[in-house]
Amino acid sequence: MQITINNLSKTIKGRIVLDDINLEMQSGKIYGFRGINGSGKTMLMRAICGLIRPSSGTIEIDGAVLGKDMSFPKNVGALIENPTFIPKYTGLKNLELLAMIRGVATSQELKETLAAVGLDPLDKRTYKKYSLGMRQRLGIAAAFIENPKLILLDEPFNALDENGIKEIRDLILKKKDEGALLIIACHDTQELVSIADEVIEMYEGKVTKYYEVKNHEPA
């Protein structure tokens, strides 16, 4: 997969939230978005998912223009901001409902995905009884079901303990090795540098720095 962003800008209520973004991203790599709150990281991820349309410029995915040739990326999983699920259902039931939309993932694959993020597929607790960390894990599981080729994770390590961070980091690296294109926004610079192949720094809607991570630091 190849993503090409050309002169992308977005204005909301007279405020520029994305300002002339130009980027290229490809499969088999992890791209880290870094910046303070309001820098444009989440807005750019929304644009790449097709959740907002640019005021000008384009996002091309394998040569097809998002918003023109297709409404959304064809094979995408995303966790953007706070995950929300149906309170009265278990984690597995919530994933089963999501999986019914496309009918691609099997019941066994859903259980394996839950286990990979550190949740027990047989846990009978409903979502409303989940801790913040469990809710975060379920949100990440939802982004990974159906083996997407494009994965976007906005602050995936929020509310996770040390063991949870390791489990999610291992899952992210596994998907990279399988050839996925991953985009991760993370406020923890050390954590981001430990997994990203390239880091994109943003400020006030602009890309201010873009660099390759040659030697990953241990998190």
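Out of all the residues in the range 93-112, is one or more in a loop (DSSP other than H, G, I, E, B), closer than 20 Å to Ala159 by Cα and either among the acidic types (Asp, Glu) or touching an Asp or Glu at 6+ places or on another chain (Cβ under 7 Å) (or both)? The answer is no; no qualifying residue exists.
Could you look through the range 53-68, keep only residues that are part of a strand (DSSP E or B), under 21 Å from Val17 (Cβ atoms) and without any contact (Cβ under 8 Å) to a residue 40 or more places away in the chain, and pick out the one that is nearest to the chain's Cα centre (by Cα)? Only one residue tops the list, namely Leu66.
Only residues that are closer than 21 Å to Leu153 by Cα and in a strand (DSSP E or B) were counted in the range 69-90, giving 4.
Per-residue answers, yes or no, for (1) touching a Gly at 6+ places or on another chain (Cβ under 7 Å); (2) hydrophobic (A, V, I, L, M, F, W, C); (3) surrounded by fewer than 16 Cβ atoms within 10 Å (Cβ to Cβ); (4) touching a residue at least 24 places away in the same chain (Cβ under 8 Å):
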site	(1), (2), (3), (4)
Glu81	no, no, yes, yes
Ile86	no, yes, yes, yes
Tyr89	no, no, yes, yes
Gln108	no, no, yes, no
Glu112	no, no, yes, no
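Filtering the range 147-156 for residues that are part of a helix (DSSP H, G or I) and surrounded by fewer than 19 Cβ atoms within 10 Å (Cβ to Cβ) leaves an empty set. Considering the range 172-213, the qualifying strands (runs of 3 or more DSSP E), each wholly inside and each with 3 or more residues that are of a type outside the set (A, V, I, L, M, F, W, C) and out of contact with any helix residue (DSSP H, G or I) (no Cβ under 7 Å at 6 or more places or on another chain), run over 198-203, 206-212.
Yes/no per residue for (1) buried (at least 16 other Cβ atoms within 10 Å of the Cβ); (2) closer than 23 Å to Ala143 by Cβ; (3) not assigned by TED's automatic domain parsing to the domain that holds Lys175:
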residue: Met1; (1), (2), (3): yes, yes, yes
residue: Asn6; (1), (2), (3): yes, no, yes
residue: Ile12; (1), (2), (3): no, no, yes
residue: Leu18; (1), (2), (3): yes, yes, yes
residue: Gly35; (1), (2), (3): yes, yes, no
residue: Ser56; (1), (2), (3): no, no, yes
residue: Met70; (1), (2), (3): no, yes, no
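Of all residues assigned to the range 152-164, none qualifies as being within 15 Å of Leu79 (Cα to Cα) and in contact with a Phe, Trp or Tyr (Cβ under 8 Å, 6 or more places away or on another chain).
The values are calculated or read from the model by the stated rules, or taken from the named source; none is laboratory data. Just so it is clear, the structure is predicted and the values come from calculations on it, not from any experiment. Cβ sites come from the backbone with ideal geometry, for glycine too, and all protein chains shown count toward neighbours.
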